[in-house]
Amino acid sequence: MPLSSPAEPLQRTTVRGACPHDCPDTCALLTTVDEGVATRVQGNPAHPHTGGVLCTKVSRYAERSYHPERILAPLKRSGPKGSGQFVPVSWDTALSDIAQRLQAIAARDPEAILPYSYAGTMGLVQGESMDRRFFHRLGASLLDRTICASAGGEGLNTTLGGKVGMRVEFFAESQLILIWGSNSVGSNLHFWRAAQEAKRRGARLVCIDPRRSETADKCHEHLALRPGTDAALALALVHELIENDWLDHDYIAQHTLGWEALRARALQWPPARAAAVCGVPEAQIRQLARDYGTTRPAAIRLNYGMQRVRGGGNATRAVACLPALTGAWRHRAGGLLMSSSGHFPVQRQGLQRPDLLPQGLPRTVNMSTIGDDLLRPSAPGFGPRVEALVVYNSNPVAVAPDSGKVVQGFAREDLFTVVLEHFHTDTADYADYLLPATTQLEHWDVHLSYGHTDVLLNRPAIAPLGQARSNADIFRDLAARMGFSEPCFADSDEALCRQAFGDAVDYALLESQGFATLALPDAPFAEGGFPTPSGKCEFYSERLAAQGLDGLPDHLPNHETVGDSARYPLAMISPPARHFLNSTFVNVQSLRDIEGRPLLEIHPEDAAARQITDGTPVRVFNDRGSYACHAQVSTRARPGMVVGLGIWWRKLGLNGTNVNEVTSQALTDLGRAPTFYDCLVEVEACAHPEAPETPHAA
């Protein structure tokens with residue numbers, strides 16, 4: 001008899017999808033499903049940008065979806081706020097009670113209800129469709145979604161006309177690549193593949209970042225500038241382009257606005273001045289300018305790390321001027337990319353239905369100041385006190401700045417809080433109702449990208465686990481219980497996918513291959529044609545000048561500048577740990593095992609001055625609060641700067657806090673964004689990891 005072979009699964013399918021996470025790569029996924037169970041998630045090799053490769057985080061997506069701590073039924077709070085004590089209830093009970101509570105508040109003032117969401121999923125359906133329709137129809141307060149990218153986005157809008165730039169695949173043909181404010185190895189893997197291809201072809205790679213990141217390790221050169229000094233560096237580069245006539249005068253004349261004014265501003269920034277501000281050698285600035293001014297084609301991969309300081313919008317503007325000065329936009333492998341999202345023809349009016357808003361627009365609340373806003377009473381200029389909060393696609397108790405105040409706000413007994421979640425996050429612990437949401441493997445969605453120019457469709461690979469429902473389905477049901485009878489509230493999730501781009505994208509192609517590429521020129525601004533009011537790259541912004549702001553980019557010192565405070569002499573930045581994505585994936589054990597424990601990188605000089613050795617428990621503190629972690633003595637941090645790798649859930653920290661205990665609610669120059677990397681602290685060794693109570697503790 002022949003030897004028997006292992007039995008094949010009775011039914012195996014492969015389902016095309018898309019990564020939902022806040023990353024520029026927006027990878028195409030293939031999920032293998034055996035007998036209704038997702039057994040493997042991998043990159044789709046047919047998608048050119050993904051090329052079959054996923055980051056370590058998303059390759060563990062099945063582990064996350066089937067996590068034993070997944071919330072699989074609606075829960076109602078049964079203990080004190082913050083205790084994480086809940087009892088199961090039915091969907092009918094939960095939604096009926098939520099609708100009744102929201103109706104009662106809305107009868108007094110619907111603006112006392114606030115949605116709070118961001119990019120826990122980047123999908124257009126589960127992130128910004130039925131939810132927006134629901135809150136618009138309700139007349140709830142609008143949320144200013146600023147927490148990640150609005151300063152840089154506004155900088156791009158005022159200079160280039162939108163979140164637009166070069167196509168990422170052509171970085172492989174560049175001869176010089178400036179990787180500015182980005183740890184691409186960990187946060188932009190597929191761009192990094194293109195950069196490595198360029199390097200193999202002879203390109204020079206330069207990393208500009210206060211931290212000696214994993215990306216800096218692999219570049220030819222690293223400029224370790226002080227946090228918040230990027231505009232000074234960019235203006236010094238412009239100075240050198242002018243002084244050495246490394247300029248494309250024809251491109252400047254035809255396709256830019258405000259050249260003479262920018263020229264005068266930049267001539268105030270010789271390399272010696274910038275070197276003193278940035279804390280880098282003058283010779284290094286001069287050499288970078290020479291490389292950029294004399295190399296064709298040259299490209300800049302600008303990322304959002306550099307705009308999380310007071311002058312982040314101006315810094316983005318200053319860097320965005322550079323390609324037009326040298327005519328780099330003439331080449332498909334030249335120019336700049338910060339975000340490509342403005343290229344996508346999303347039908348947001350149809351998806352979000354702003355026509356449902358009341359005639360007098362509701363107030364807008366900035367998500368970055370949620371700590372202060374939840375503690376604020378009703379007041380002229382602010383409006384009613386926030387009485388109800390509906391949180392989805394976000395974990396504000398962990399990720400919002402000045403988190404001692406955020407915790408105080410969420411702990412209010414008179415605040416009715418509903419949280420849509422997969423897990424018992426820090427925010428979920430403060431919910432009155434905790435509703436189980438589907439993961440990407442369980443629902444429909446459609447995605448754009450901010451790192452490439454393909455639209456991706458996500459099909460559900462498996463049935464929702466337990467009683468989980470999609471975000472859109474939850475808001476659809478709530479709308480029905482609130483008596484909202486408009487036909488748009490009956491649209492299915494798949495119908496919303498079709499509406500997202502209308503006729504601008506071939507939906508049949510999305511269905512057949514999972515992605516569709518936008519029809520764009522190889523070099524979109526080779527002949528100008530920027531989406532600004534003038535059609536030109538606007539060095540000088542008349543729109544900003546009309547608001548009483550500086551029409552030219554300039555260096556703005558940080559809110560908190562070393563030297564201004566003897567008590568807090570260390571500048572702190574807090575980028576995500578490599579195997580986390582903000583607070584997502586922190587509870588995936590295999591990834592947490594790789595990260596080990598909350599760490600603070602500190603330079604050997606600063607560590608020695610404080611009698612801190614590698615592995616020492618330390619207390620990081622300022623007037624806002626303190627948190628405890630372990631020191632990693634390392635030259636990854638430049639002298640005078642520490643790096644608080646985040647964002648750990650508070651409950652997994654050494655003393656029930658995380659790095660945002662010390663970050664500030666101060667906002668940026670443009671875009672009303674947070675200033676996470678504009679933060680002064682002191683660090684001291686502590687005998688025990690339990691740090692003292694923070695100033696905001698209730």
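Observations on the model:
- Test result for R476, open to solvent by 10 Å² or more (accessible area, probe 1.4 Å), more than 30 Å from E69 (Cα to Cα) and modelled with pLDDT of 95 or more: no
- On the stretch given as the range 536-573, residues that are charged (D, E, K, R) and under 30 Å from D402 (Cα atoms) total 5.
- Criterion (at pLDDT below 95, polar (S, T, N, Q) and either under 21 Å from V662 (Cβ atoms) or more than 24 Å from the chain's Cα centre (by Cα) (or both)) met by exactly one of T561, T613, T584: T561
- Exactly one residue out of T613, T532, T561 is open to solvent by less than 20 Å² (accessible area, probe 1.4 Å), in a loop (DSSP other than H, G, I, E, B) and either closer than 28 Å to A216 by Cα or among the β-branched types (V, I, T) (or both), and it is T532.
- Residues in the range 284-297 that are of a type in the set (G, A, S) and touching a Pro at 6+ places or on another chain (Cβ under 8 Å): A289 alone.
- Leading residue by the ranking (nearest to the chain's Cα centre (by Cα)) among those in the range 54-77 that are part of a loop (DSSP other than H, G, I, E, B) and aliphatic (A, V, I, L, M): L54
- Set side by side, the residues R330, R308, R296 differ, and just one is charged (D, E, K, R), within 24 Å of P576 (Cβ to Cβ) and open to solvent by 30 Å² or more (accessible area, probe 1.4 Å), which is R308.
Condition check ((1) farther than 24 Å from L142 by Cβ; (2) out of contact with any Cys (no Cβ under 9 Å at 6 or more places or on another chain); (3) open to solvent by less than 30 Å² (accessible area, probe 1.4 Å)) across all residues:
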site	(1), (2), (3)
R385	no, yes, no
L389	no, yes, yes
K405	no, yes, no
F410	no, yes, yes
D414	no, yes, no
H424	yes, yes, no
S470	no, yes, yes
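- Of the strands (runs of 3 or more DSSP E) lying entirely inside the range 87-196, the ones with 2 or more residues being buried (at least 20 other Cβ atoms within 10 Å of the Cβ) are found at 113-117, 176-180.
- Condition check for I113: within 29 Å of T31 (Cβ to Cβ) and among the aliphatic types (A, V, I, L, M): no
- Any hit, the range 495-507, residues being open to solvent by less than 20 Å² (accessible area, probe 1.4 Å), under 30 Å from A104 (Cα atoms) and under 27 Å from the mean Cα position of the chain (by Cα): yes
- Scanning the range 348-383 for residues that are among the aliphatic types (A, V, I, L, M), open to solvent by 10 Å² or more (accessible area, probe 1.4 Å), over 14 Å from L143 (Cα atoms) and at pLDDT 95 or above turns up L356, L375.
- Only a single item in (1) small (G, A, S); (2) in contact with a Gly (Cβ under 8 Å, 6 or more places away or on another chain); (3) not in a loop (DSSP other than H, G, I, E, B) is not met by G671, and it is number (3).
- Subset tally (residues that are in a loop (DSSP other than H, G, I, E, B) and within 25 Å of D372 (Cβ to Cβ)) for the range 639-668: 14
- Any hit, the range 429-437, residues being touching a residue at least 24 places away in the same chain (Cβ under 8 Å) and within 30 Å of A523 (Cα to Cα): no
- Scanning the range 650-669 for residues that are over 27 Å from G313 (Cβ atoms) and touching a residue at least 60 places away in the same chain (Cβ under 8 Å), we see that the one that is most open to solvent (accessible area, probe 1.4 Å) is K651.
- Selection status of L302, open to solvent by less than 10 Å² (accessible area, probe 1.4 Å), at pLDDT 95 or above and within 30 Å of C23 (Cβ to Cβ): yes
- For the range 565-578, the tally of residues that are over 15 Å from the mean Cα position of the chain (by Cα), touching a residue at least 24 places away in the same chain (Cβ under 8 Å) and not in a strand (DSSP E or B) stands at 4.
- Condition met for R636 (charged (D, E, K, R), in contact with an Asp or Glu (Cβ under 6 Å, 6 or more places away or on another chain) and either on the phi > 0 side of the Ramachandran plot or part of a loop (DSSP other than H, G, I, E, B) (or both)): yes
- Any hit, the range 223-234, residues being in a helix (DSSP H, G or I), of a type outside the set (D, E) and open to solvent by 10 Å² or more (accessible area, probe 1.4 Å): no
- Residues satisfying the stated conditions in the range 587-610, i.e. among the small types (G, A, S), surrounded by 15 or more Cβ atoms within 10 Å (Cβ to Cβ) and not in a helix (DSSP H, G or I): none
- Scan of the range 520-553 for residues that are out of contact with any helix residue (DSSP H, G or I) (no Cβ under 9 Å at 6 or more places or on another chain) and closer than 18 Å to L336 by Cβ, ordered by number: P521
- Selected residue (criterion: surrounded by the most Cβ atoms within 10 Å (Cβ to Cβ)) from residues of the range 564-586 that are more than 22 Å from I647 (Cβ to Cβ) and not hydroxyl-bearing (S, T, Y): P569
The values are calculated or read from the model by the stated rules, or taken from the named source; none is laboratory data. No experiment lies behind these values; they were computed from the predicted model shown. Note: ideal-geometry Cβ built from the backbone for every residue, glycine included; neighbour counts use all protein chains shown. We work out accessible area using only protein heavy atoms, side chains counted, and drop any ligands, DNA or RNA first. Shrake-Rupley method; radii C 1.70, N 1.55, O 1.52, S 1.80 Å.
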